[in-house]
Every structure is written in structure tokens, then in C-alpha cells.
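The structure under discussion appears below in the form of C-alpha cells.
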Amino acid sequence: MGGNNKVPMSELRNLASDLGLTEPKTLIQSGNLTFKASRQSCEDLEGVLEEGLEKLLGLKIQLMVRTLAEWEEIIAANPFAKEADADPSHLLLIALKQEPDFDLVRSMQVAMLGPEKFVGVGRELYVVYPEGIGDSKIGKTPGWNKLASTGTGRNWNTVLKLMALAGDIE
């Protein structure tokens with residue numbers, strides 16, 4: 001969940017428990033939640049959690065759920081391994097609600113206005129911000145708002161911390 005919809009992590013864990021999800025854990029005030037679920041699809045879990053947040057807090061938030069196996073694949077598929085090692089805080093993973101239009105991704109890569117580079121893999125975008133996110137011009141690249149409108153970004157340090165947190169409940 002992004003910064004516009006702050007939810008106390010204790011409430012998020014309690015909601016997950018109330019919805020029958022087990023071992024809910026959160027990572028600081030990041031809006032990230034790991035849990036165990038019994039044989040529900042990610043899409044079903046997204047709907048259940050979104051509905052629960054709306055009922056509990058009146059917030060209409062789109063959530064992205066990934067399985068532990070998917071998270072492992074996301075980390076393994078990172079096309080920017082060198083950047084992840086050298087400067088993980090400037091590598092962002094954007095988890096999208098659905099696969100992006102890859103024709104749009106390719107046209108944006110050509111039209112990029114700044115030094116950033118990005119690659120789409122499945123329902124994820126991997127973005128390198130060599131000069132930092134705050135001064136980035138990527139948001140001004142034609143099509144960016146459409147491309148990343150249904151996603152949430154986490155820097156690579158957070159991605160790895162979430163992997164460790166999720167691995168603790170396996």
C-alpha cells in the first residue's frame with residue numbers, strides 16, 4: 001500500500017488473521033504483509049483483502065498478492081543484478097496488478113527522457129534510478145502513468161527483506 005493510504009501494521013495483521021490467513025507478518029510501516037493461506041488464488045486473496053480493508057477502514061485500495069514461489073522467481077528474474085548488488089536502494093521493483101502492455105513498455109524504453117532504465121517481466125517492472133527517484137524524469141515519459149497506474153513499488157532492499165520475512169513462515 002502506498003503512502004496515501006496509511007494503515008497501522010497491527011490492524012493489517014489483525015485483518016489478515018480475521019480473514020483466516022495464518023502467520024501474518026508485516027515489514028515496518030511499509031504496507032507489506034506476508035501470510036499463509038490455504039489454497040486460494042492470488043486474485044481471490046487480493047479481493048478478500050481489498051474488501052476487508054474497505055469494510056474495516058473505508059479505504060478502497062488495490063493490492064498485489066504474490067506467492068512465495070512467485071517472489072523467488074521475481075528475485076531470480078531481476079535483469080539488473082549488477083545494479084542490485086552495487087546500489088539496491090536505486091533499483092525498484094514495481095508489482096503490477098496485471099501484465100503490462102509490452103508494446104507500450106518497448107515504446108517507452110525508446111522514448112525515455114532520463115537516465116533511468118526499466119524492463120517488464122511478467123507482472124513486474126524493474127526500474128533503475130541511477131540519479132535517485134526524487135529527481136527522476138521517468139514519470140514524464142509518455143505512457144508511464146498508464147503503465148504503472150495499477151502497481152506499487154519497493155526498492156530492492158525491501159524486496160529482499162520481504163523474501164526473508166516470507167521465508168520465515170514457510
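The values are calculated or read from the model by the stated rules, or taken from the named source; none is laboratory data. Being a predicted model, the structure only gives us computed values, none of them experimental. Virtual Cβ from ideal backbone geometry, glycine too; neighbours counted across all protein chains shown.
Matching residues to (1) out of contact with any helix residue (DSSP H, G or I) (no Cβ under 8 Å at 6 or more places or on another chain); (2) in contact (Cβ under 8 Å) with a residue 60 or more places away in the chain; (3) acidic (Asp, Glu):
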| position | (1), (2), (3) |
| --- | --- |
| Ala16 | no, no, no |
| Gly20 | yes, no, no |
| Glu23 | yes, yes, yes |
| Thr26 | no, no, no |
| Gln29 | no, no, no |
| Asn32 | no, yes, no |
| Glu46 | yes, no, yes |
| Glu51 | yes, no, yes |
| Glu54 | yes, no, yes |
(message) Looking for something among the charged types (D, E, K, R), buried (at least 20 other Cβ atoms within 10 Å of the Cβ) and not in a helix (DSSP H, G or I) - is there at least one such residue anywhere in segment 84-97?
(response) no
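Looking only at segment 149-167, decide whether some residue is over 30 Å from Glu23 (Cβ atoms), outside the structural domain of Leu27 (by TED's automatic domain parsing) and either touching an Asp or Glu at 6+ places or on another chain (Cβ under 9 Å) or without any contact (Cβ under 8 Å) to a residue 60 or more places away in the chain (or both). Before you say what the answer is, go through the steps one by one.
Initially, segment 149-167 is screened for residues over 30 Å from Glu23 (Cβ atoms), giving 149.
Now narrow it down to the ones that are outside the structural domain of Leu27 (by TED's automatic domain parsing): 149.
When the remaining residues are screened for being either touching an Asp or Glu at 6+ places or on another chain (Cβ under 9 Å) or without any contact (Cβ under 8 Å) to a residue 60 or more places away in the chain (or both), the result is 149.
Yes, segment 149-167 contains a residue that is over 30 Å from Glu23 (Cβ atoms), outside the structural domain of Leu27 (by TED's automatic domain parsing) and either touching an Asp or Glu at 6+ places or on another chain (Cβ under 9 Å) or without any contact (Cβ under 8 Å) to a residue 60 or more places away in the chain (or both).
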(message) Which pairs turn up if I take residues in segment 109-138 that are under 17 Å from Lys82 (Cα atoms) and look for partners that are among the polar types (S, T, N, Q) and not in a helix (DSSP H, G or I) with beta carbon separation below 7 Å, at least 6 apart in sequence or on another chain?
(response) Glu116/Ser136; Tyr126/Asn78; Tyr129/Ser136
(request) Inspect segment 63-77 for any residue being closer than 21 Å to Gln29 by Cβ, free of Cβ contacts under 8 Å to residues at least 40 places away in the same chain, of a type outside the set (D, E, K, R) and surrounded by 15 or more Cβ atoms within 10 Å (Cβ to Cβ) and give the result as yes or no. (result) yes
(request) Go through (1) of a type in the set (Gly, Ala, Ser); (2) in a helix (DSSP H, G or I); (3) loosely packed, with under 13 Cβ neighbours inside 10 Å one by one and return the number of the condition Ser38 breaks. (result) (2)
